[in-house]
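Novice: Below is one structure. I have some questions about it.
The values are calculated or read from the model by the stated rules, or taken from the named source; none is laboratory data. From a predicted model like this one, the values you see are computed outputs, not experimental measurements. Ideal geometry is used to build each Cβ from the backbone, glycine not excepted, and the neighbour counts take in all protein chains shown.
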Amino acid sequence: MFEPGYRNNWHIHHAKTGGGQILIVTAGEGFYQEWGKPTRRIRKGDTVNIPANVKHWHGAAPDSRFQHIAIEVSGTETRTEWCEPVAYAYANTIQ
């Protein structure tokens, strides 16, 4: 469970083949963003398919707790790279 306003750092789910991540939102409201793209608002019932090797972050809206199931997609040579914190400006470019 993400507390209101909490978000993880930018990160990448690397894979040589296959890989990536699927998020299934189970409670609350949050945000998802891929590097260089607008932030998407996500709510209970939404699913996000994140391709391998895409830098992204996800977290709770400022006024809502947020919960999701995170499924790692099978692949070869998979690993997660944790990157820098999300800048406030990125977290507020909502689409």
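Novice: Which pairs turn up if I take residues in the stretch 28-44 that are in contact (Cβ under 8 Å) with a residue 40 or more places away in the chain and within 18 Å of Arg65 (Cα to Cα) and look for partners that are β-branched (Val, Ile, Thr) and crowded, with 18+ Cβ neighbours inside 10 Å with beta carbon separation below 7 Å, at least 6 apart in sequence or on another chain?
Specialist: Correct list of pairs: Phe31/Thr39; Phe31/Ile42; Gln33/Thr39.
Novice: Tell me, which residue of the stretch 40-49 that is in a strand (DSSP E or B) and either among the charged types (D, E, K, R) or more than 13 Å from the chain's Cα centre (by Cα) (or both) is surrounded by the most Cβ atoms within 10 Å (Cβ to Cβ)?
Specialist: By that ranking, first place goes to Arg40.
Novice: From the residues in the stretch 73-95 that are modelled with pLDDT of 95 or more and part of a strand (DSSP E or B), which one is surrounded by the most Cβ atoms within 10 Å (Cβ to Cβ)?
Specialist: Checking each candidate, the answer is Gly75.
Novice: Among residues belonging to the stretch 50-71 that are among the β-branched types (Val, Ile, Thr) and part of a strand (DSSP E or B), point out the one that is surrounded by the fewest Cβ atoms within 10 Å (Cβ to Cβ).
Specialist: Ile69
Novice: Cβ contacts < 7 Å: first residue on the phi < 0 side of the Ramachandran plot and in contact (Cβ under 8 Å) with a residue 24 or more places away in the chain, restricted to the stretch 66-86; second residue in a strand (DSSP E or B) and of a type in the set (Lys, Arg), any location; separation 6+ or different chain. Result?
Specialist: Listed pairs, sorted by first residue: Val86/Arg7.
Novice: Scanning the stretch 22-39 for residues that are of a type in the set (Val, Ile, Thr) and at pLDDT 95 or above, which turns out surrounded by the most Cβ atoms within 10 Å (Cβ to Cβ)?
Specialist: Ranking the candidates gives Val25 first.
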